[in-house]
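Visitor: Handing you a structure now.
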2 protein chains.
Amino acid sequence: MTSRRPTIGVFDSGFGGLTVLKALLELVPSADYLYFGDTARLPYGSKSVETVARYAVEAAHYLEAHGAGLLVIACNTATALALDRITAAAQVPVVGVVEPGAEAAASVSKNRKVVVLGTEATVSSHAYRKALEARGIDSREKACPLLVPLVEEGWVEHPVTEQIARIYLDEAFADGFREADALVLGCTHYPLLKALLHRVAPSHVSIVDSAESTARAVVRHLQKLLPPTEAIQEERRALPRLKFFATDSVEKFRRLGPRFLGHPIEDVQHVDLKE
Amino acid sequence: MTSRRPTIGVFDSGFGGLTVLKALLELVPSADYLYFGDTARLPYGSKSVETVARYAVEAAHYLEAHGAGLLVIACNTATALALDRITAAAQVPVVGVVEPGAEAAASVSKNRKVVVLGTEATVSSHAYRKALEARGIDSREKACPLLVPLVEEGWVEHPVTEQIARIYLDEAFADGFREADALVLGCTHYPLLKALLHRVAPSHVSIVDSAESTARAVVRHLQKLLPPTEAIQEERRALPRLKFFATDSVEKFRRLGPRFLGHPIEDVQHVDLKE
């Protein structure tokens, strides 16, 4: 990090990573943020390791070239499938969403049994299972491919969404996982369904939002990079500066992004990675 | 077309176009088929004109370079957003799915009112509305973004899918369109929901499957390219030869493709359009 004010690059396949940016803005308001949404090639959740890794490394290089001193891979699928490849390709520190999510789940689960919801690709990679196993936690990973399109349709409180969530959770909390007591939202779209999932999940279950735990992991990284007193002074001194890059329509990013970020999005630039 | 046995290039964003290939195989069994599924970048249905046009033109060039003498754009979104650009870029004749679908709807609709279901991008382009207007037909286009993921989840006869289809169709067949008497399946995933949509749509409605009408349009094109007697001889002489190209995982294409094509898929080759 060359300047004392950090430049944090946040990468996602599309809009979902804005929930991670939102959590970051609360904990680290005094930073420059570059958000890259690969909206032309989303969703990553149904794609293969090779394809996701290639796309994610391209985006990481783009963010570094634009001054990011720390990279946050805000996409669960990209983290699960390609964090090692991105870390190897990057010159700066890289923080993914899986380890912080697993860490948070491990700290709240008393029964040492956790359910993880994710995309098909995240679940197939077993990245969460491995991260939880390393912490002595037994987990069941459940692919929920309909939840992302339901969120994108804006049906976050729709009876159909509740019905589908109930089908997924009934399957996940069955058999050996009735006593699981933590539910990891292993996809950045799912925080928009938090209220609904709270109603549908068994009442003894805590919901773990990877966005929040990732923001805390970023704070720890920054504390290593910047002396704490300086970091605190910075925090008091200035507001965040935000710049957004999207590979598909800028207009659409401006229109849909606020749903995830919670406030308006202005400075969006179109990026064509082939150029 | 240089040889007497046609080589037909079929392009789609993913798997859905296999329903068009299936219809083609029934009408034109004696041909070589090259099917290109841009599975790494699917779905197109939520992307912008610029992005879809660029992707589709790349794929069209690929198919031409591999010997296609006729291109079928089996993706409604690519046809709706980019048929003119693909036609301008290609050296060979190009057949899209929108005109044949509109033609078939015009021929079955007695009330001259038609409902078209499609992706968000297809509906926003109003390609069907324009094609139907040109035939004196009044239309309502309804975006159904959840139907593709429901088909991909395999929930083609699921009560949740029926409920969602009912919501979409109730909205579409409301107000001035209660007497609409044709329903165009303006996305290649929807033919898999044909039985369910028959149950949910008003009983007086005919369902128009663009896949079938596109296959008939291809036959007409081939008759222009090949003298009819030769075409008929060819048809009697040989079985189809099929070759598939996919930009994402070949294994996944082999696994999911048969759901749309109706029979096993063997010869799949991975394509990286950046190479």
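Values in this text are rule-based calculations from the coordinates and carry no lab data. It should be emphasised that the depicted structure is a prediction, and the values quoted were computed from it without experimental measurement. Please note: Cβ atoms are built from the backbone with ideal geometry, for glycine as well, and neighbour counts cover all protein chains shown.
Visitor: Treating the point 7 Å from Cα along Cα-beta-carbon as the label, what are the nm separations from residue A:170 to the other copies, to one decimal?
Guide: Values, ascending and in nm: 2.2.
Visitor: Placing +1 on the Cβ of each Lys and Arg and -1 on the Cβ of each Asp and Glu in the range A:98-210, which of A:150, A:116, A:204 has its Cα farthest towards the positive end of the resulting dipole?
Guide: A:204
Visitor: What nm value, rounded to one decimal, do you get for the distance between residue B:87 and residue A:138 when each label is placed 7 Å out toward the C-beta?
Guide: For the pair residue B:87/residue A:138, the computed spacing is 6.3 nm.
Visitor: Report, in degrees rounded to the nearest 10, the 0 to 90 angle that the Cα long axis of helix B:159-172 makes with the longest principal axis of chain B.
Guide: So the helix axis and the longest Cα principal axis differ by about 70 degrees.
Visitor: Which cross-chain or sequence-distant (5 or more) residues have an amide H under 5 Å from the amide H of residue B:140, H modelled 1.01 Å from N in plane?
Guide: It is B:114, B:115, B:116, by chain and number.
Visitor: Okay, moving on. Ignoring trypsin sites (Lys or Arg not before Pro) that are buried or in helix or strand per DSSP, and keeping those with at most 14 other beta carbon atoms within 10 Å, what is the longest stretch of chain B between them?
Guide: Longest run free of exposed loop sites: B:5-109.
Visitor: Relative to the other copies, what are the label-point distances for residue B:26, with labels 7 Å from Cα along the C-beta vector, expressed in nm at one decimal and sorted shortest first?
Guide: Ordered by distance, the counterparts are at 5.5 nm.
Visitor: For the range B:155-169 and the range A:106-174, write down the distance between their C-alpha centroids in whole Å.
Guide: Rounded to whole Å, the Cα centres lie 23 Å apart.
Visitor: Further question: When the chain is fully extended, how far beyond the present Cα-Cα distance does residue B:166 get from residue B:26, taking 0.36 nm per residue of separation?
Guide: Gain on extension, residue B:166 to residue B:26, equals 47.3 nm.
Visitor: Taking a point 7 Å out from Cα toward Cβ as the label site, list the nm distances between residue B:154 and the same residue in every other copy, smallest first.
Guide: Result for residue B:154, in nm, nearest copy first: 3.3.
Visitor: Could you please rank A:75, B:187, B:144, placing first whichever residue has the fewest other Cβ atoms within 10 Å of its Cβ?
Guide: Result, fewest neighbours first: B:144, B:187, A:75.
Visitor: I've got another one for you. Please give, to one decimal in nm, the separation of the simple spin-label points placed at residue A:204 and residue A:61, each 7 Å out from Cα toward the Cβ.
Guide: Reported label-point gap for residue A:204 and residue A:61 is 5.1 nm.
Visitor: Now for a different question. Taking H as built 1.01 Å from N, whose amide H comes closer than 5 Å to the amide H of residue B:10, not counting residues under 5 places away?
Guide: Those qualifying (amide H under 5 Å, at least 5 residues apart or on another chain) are B:34, B:35, B:36, B:72.
Visitor: Work out the FRET efficiency for residue B:157 and residue A:110 from their Cβ-Cβ distance, taking R0 = 30 Å, and round it to the nearest 0.05.
Guide: Efficiency for this residue pair is about 0.15.
Visitor: A follow-up question, please. For the range A:192-208, what does the Karplus curve 6.51 cos²θ - 1.76 cosθ + 1.60, with θ = phi - 60°, yield as ³J(HN,Hα) per residue in whole Hz, taken in order and with x for Gly and Pro?
Guide: Calculated HN-Hα couplings, in order: 5, 9, 4, 5, 5, 5, 4, 5, 7, 6, x, 5, 7, 8, 8, 9, 10 Hz.
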